[in-house]
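Trainee: Okay, handing you the structure first.
The values are calculated or read from the model by the stated rules, or taken from the named source; none is laboratory data. For clarity, every value in this text was computed on a predicted model and none was experimentally measured. Note that we place each Cβ from the backbone using ideal geometry, even for glycine, and neighbour counts take in every protein chain shown. The area values use the complete protein model at the heavy-atom level, side chains included, leaving out ligands, DNA and RNA. Shrake-Rupley method; radii C 1.70, N 1.55, O 1.52, S 1.80 Å.
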Amino acid sequence: MPAKPEAALAHAEEHLRETLDALAEISRVGGISARPAPDPDMRRSAEQVAAWMKRAGLEEVEVLELEGVH
């Protein structure tokens, strides 16, 4: 059964330093871009967010891509 959001939030709180470090790293990636798609920074940002969500215990996390859009 997939982890509930409450469990992921509890994990984030229990591992606060790691959570803050991960969010700081994610914020360094240029996640919003005026460059046309595909933008590698957008992909990298999405992958880092997905990885953090998985570490927090969420399951069935995936990065979705739509052709021609960010």
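Trainee: As a test of reading the structure, rank VAL49, VAL29 by solvent-accessible area (1.4 Å probe, protein chains only), most first.
Mentor: Greatest to least solvent exposure: VAL49, VAL29.
Trainee: In addition: Within 10 Å, at most 15 other Cβ atoms, and a DSSP state outside H, G, I, E, B define an exposed site. Report the longest part of the chain free of exposed GluC sites (Glu not before Pro).
Mentor: Between exposed loop sites, the widest span is 1-58.
Trainee: If you roll a 1.4 Å probe over the heavy atoms of the protein chains, what accessible area per residue do you get for the chain, in Å²?
Mentor: Per-residue value: 77 Å².
Trainee: Could I ask something else about it? Treating the angle as unsigned and between 0 and 90°, give the value, to the nearest 10°, between the Cα long axis of helix 40-55 and the longest Cα principal axis of the chain.
Mentor: Approximately 10 degrees, to the nearest 10.
Trainee: Divide by every residue of the chain the summed helix terms, -39500 (n - 2.57) for each DSSP H run of at least 4, and state the resulting mean residue ellipticity at 222 nm, rounded to the nearest 500 deg cm²/dmol.
Mentor: Using -39500 (n - 2.57) per qualifying helix, the result is -17000 deg cm²/dmol.
Trainee: If you don't mind, there's one more thing I want to ask. How far apart, in nm, are the 7 Å Cα→Cβ label points at GLU62 and GLU14?
Mentor: Between GLU62 and GLU14, the label points sit 2.8 nm apart.
Trainee: Using the scaling law 2.2 N^0.38 Å as the reference, what is the normalised Cα Rg of the chain?
Mentor: 1.23
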